[in-house]
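Note sheet for the following structure.
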Amino acid sequence: MSTLTAPSRSAGTAAALRRLYFVRFAFAIVWALVTLPMASKLSPVVVVLLVLYPLFDVGAALVDAKASRRTGSPALLYVNMAVSLATALGVGVAGASGIPAVLRVWGAWAVVAGLVQLIVAVPRRKMGGQWPMILSGGISTLAGASIFTSAGADDPTLSSAIGYAVPGAVFFLVSALRLGRAARQD
């Protein structure tokens, strides 16, 4: 007699996170490729693209929170959603003040989002595929401080803020690939 067993809660979460991480990778790469050529000047199109990135993060955190309810509290993901939403609004307002203001908002967001990512990923280590997220959270925190500081440069550009998406995308890809094994476990 054969019995079917449902995948474990951790495997279900791993599969959902794997799909989400692939989507986040693709979005970040496409966003950076579209936005980076326009980094020297703050046009209305660039402001819209800069607002779009943290709004996408809100949606991604919502998907993550839904998937994570099975394995733990998504409270920090709700914090991330609030911070990313505030960032989108802040970037929109800062866009009227110039590149330094945008860099300060973006840098502060990267610091907070990185810390949240780090704190969320550490307990998920046992699921697998989270070391890239832990590294990404730490690097995001450091990069955010650098972006914030770059606002005081003589001729600041948005390239550091936009370039911030590329390593994050790579970490999402690596994590998604590593989650493959955890997603297949029963």
- Message: From the mean inverse distance of alpha carbon pairs (Kirkwood) and the Cα radius of gyration, derive Rg over Rh for segment 11-67.
- Response: 1.10
- Query: Which order do peptides 31-41, 48-58 fall in by mean Cβ count within 10 Å, highest first?
  - Reply: 48-58, 31-41
- How large is the convex hull of the Cα atoms of the chain per residue, expressed in Å³ as a whole number? 94
- Query: What is the spin-label model distance, in nm, from residue 69 to residue 52 if the labels are put 7 Å beyond Cα along the C-beta direction?
  - Reply: 3.0
- Tell me, what % of the accessible area of the chain is carbon and sulfur with a 1.4 angstrom probe? 69
- Cα-Cα pairs above 24 Å in segment 32-119: how many percent? 24
- Task: Would you work out if segment 134-174 is rounded, prolate or oblate? Take a ≥ b ≥ c from the square roots of the eigenvalues of the alpha-carbon gyration tensor; rounded if a/c is under 1.5, else prolate when a/b is larger than b/c, oblate otherwise.
- Result: oblate
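The values are calculated or read from the model by the stated rules, or taken from the named source; none is laboratory data. The structure presented is a predicted model; accordingly, all values stated were derived computationally and were not measured. Glycine gets a Cβ as well: all are built from the backbone with ideal geometry, and neighbour counts include every protein chain shown. Ligands, DNA and RNA are stripped out before the accessible areas are found, and what is left, the full protein with its side chains, is counted by its heavy atoms. Shrake-Rupley method; radii C 1.70, N 1.55, O 1.52, S 1.80 Å.
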